[in-house]
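See below for the structure under consideration.
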Amino acid sequence: METATTNCSVSLSKNGETIVLKEDNDKGYSHAERLHVYIDQVLNEAKIAAKDLSAIAISKGPGSYTGLRIGVSAAKGLCFALNKPLISVPTLEALAHKIKAENGVIVPMLDARRLEVYSAIFNHEHESIRETQAQILDEHAFAEELNNGKVCFVGNGVEKTKNLITHENAIFVEGELPSANEMSLLAYEKFKQNDTEDVAYFEPFYLKDFVALKSKK
């Protein structure tokens, strides 16, 4: 289940391969209305009963505070009800896997208000070379990586990044959001290693504290 952004996404997979995928990105947060509907739909389409699942995987963040809360609450509920293990997949790692690169680095990034993004850096083989950070953007951001070779930026933080970074090595992939589809293989690798979470105590990786904003109405 992927609920870290506006994309409400649910997949069912076997041996790391996605069998069924249901998702919707209508530019608004529809998770509360659609997440459980999509869970039922993927199970029905695959003709698999919930009790026959091996594990439940959730996108752990960073991302939308409310979206992450909804996703993690749903995942925990299923784990408790079905007595299944919980697997967490870093949101930016799954987002990085949308890119297939022969060289250079991949920078998945999510919008985090104003000129800030949540970002991480992976090599072209999707190995982490810089952990997730909350980062203020300016024209000098990622200068070292850009001077060393191609840098592929992906995620909803790209729109404001492309207006600041004009380096010739910068590649901007627009319109992509984290999806449960890329979580399938990552969750399976964790499942094989028995890399699971404590269902009772697991919390999303918010990275920053929740900030309530005044209504514009």
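The values are calculated or read from the model by the stated rules, or taken from the named source; none is laboratory data. Keep in mind that what you see is a predicted model, and the values were worked out from it rather than measured. Here the Cβ positions follow ideal geometry from the backbone for every residue, glycine too, while neighbour counts run over all protein chains shown.
Of note:
- The number of residues in segment 11-54 that are touching a strand residue (DSSP E or B) at 6+ places or on another chain (Cβ under 6 Å), surrounded by fewer than 16 Cβ atoms within 10 Å (Cβ to Cβ) and hydrophobic (A, V, I, L, M, F, W, C) comes to 2.
- From the options GLY155, GLY104, residue that is touching a residue at least 40 places away in the same chain (Cβ under 8 Å) and over 21 Å from the mean Cα position of the chain (by Cα): GLY104
- Residue that is in contact with a Cys (Cβ under 8 Å, 6 or more places away or on another chain), at pLDDT 95 or above and part of a helix (DSSP H, G or I), where the choices are LEU68, LEU43, LEU35: LEU35
- Of all residues in segment 71-97, those that are among the hydrophobic types (A, V, I, L, M, F, W, C), within 13 Å of the chain's Cα centre (by Cα) and not in a helix (DSSP H, G or I) total 1.
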